[in-house]
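Below: one structure, written as structure tokens.
The values are calculated or read from the model by the stated rules, or taken from the named source; none is laboratory data. Here the structure is a predicted model, which means the values were calculated and not measured. Glycine also receives a Cβ, built like all others from the backbone with ideal geometry; neighbour counts cover every protein chain displayed.
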């Protein structure tokens, strides 16, 4: 149950169309402090359009977005949110710490806090050894880390990350995961979009599945429980089978009697994604 006293973002009955084609239809979303909320859906589902309305780049055709009771423009002016858009790139002619400091100062963070929280954010994403490097000298993945460091520095009340780990190797992706968890644990609300479904499962307190409209919502564990099967994989050469738990017990007992090695796999968030959107959509 959401606690309205901890609410950071409220989206109510939001609609957005382009050239008469609906992209967002009657969207209702809440995000609380100390919470990571993922918006998942196939390509073209309206995820980025939704986020652009949350952070004020687009205006809804109908409906309302409030951030701490303010409209997005006022919230941005107050410095309570930071954003990493999907297509963003850092300023190449700045050093890593200069870039993070610049964006922190633009959010209006008091001067006395800047140095410490910039250093903390750079370290959190694993860029401490590159803090004085020109961004132009960094790899594409490290440039993405600079953007994430700039967003999480000084712990804004709301952090919006649109595909933050796209094109990033596994080690740096883990650095971003740890930074997102740390921001959440220190009170920030985080909105995330990603095509890496296991990433959303790792990070999210709640998930919204969207294809123009909200199709399903809940914690990863709640969504997984909507699938009633378990998958049994054995070493006897048979194909994996999916059965309900009552049937699984009989299958497992038979495998044990035959001394066949096996494993039981419960549904994942990716399985839910494929069930809702079909197997033809990207689900990494």
- Of the residues that make up the stretch 262-275, is at least one out of contact with any helix residue (DSSP H, G or I) (no Cβ under 8 Å at 6 or more places or on another chain), assigned to a loop (DSSP other than H, G, I, E, B) and under 28 Å from residue 39 (Cα atoms)? no
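Residue-by-condition table, conditions (1) closer than 27 Å to residue 222 by Cβ; (2) in contact with a strand residue (DSSP E or B) (Cβ under 6 Å, 6 or more places away or on another chain); (3) free of Cβ contacts under 8 Å to residues at least 60 places away in the same chain:
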site	(1), (2), (3)
37	yes, yes, no
52	no, no, yes
63	yes, yes, yes
91	no, no, yes
- Please tell me if residue 114 is surrounded by 16 or more Cβ atoms within 10 Å (Cβ to Cβ), closer than 25 Å to residue 199 by Cα and either modelled with pLDDT under 95 or assigned by TED's automatic domain parsing to the domain that holds residue 174 (or both). no
- Query: Does residue 16 satisfy being touching a helix residue (DSSP H, G or I) at 6+ places or on another chain (Cβ under 6 Å), in the same structural domain as residue 197 (by TED's automatic domain parsing), farther than 19 Å from residue 184 by Cα and in contact (Cβ under 8 Å) with a residue 12 or more places away in the chain?
  - Reply: yes
- Task: Give the stretch 131-145 a look and list any residue that's crowded, with 16+ Cβ neighbours inside 10 Å and out of contact with any strand residue (DSSP E or B) (no Cβ under 9 Å at 6 or more places or on another chain), or say none.
- Result: 138, 141, 142, 143, 145
- Note on the structure: Within the stretch 215-246, restricting to residues that are in a helix (DSSP H, G or I) and modelled with pLDDT under 90, the one that is nearest to residue 23 (Cα to Cα) is 245
- Only one residue in 42, 85 is under 15 Å from the mean Cα position of the chain (by Cα) and more than 17 Å from residue 191 (Cβ to Cβ). Which one? 42
- Message: Looking at (1) over 24 Å from residue 198 (Cα atoms); (2) at pLDDT below 95; (3) buried (at least 16 other Cβ atoms within 10 Å of the Cβ), which one does residue 106 not meet, given that it meets all the others?
- Response: (3)
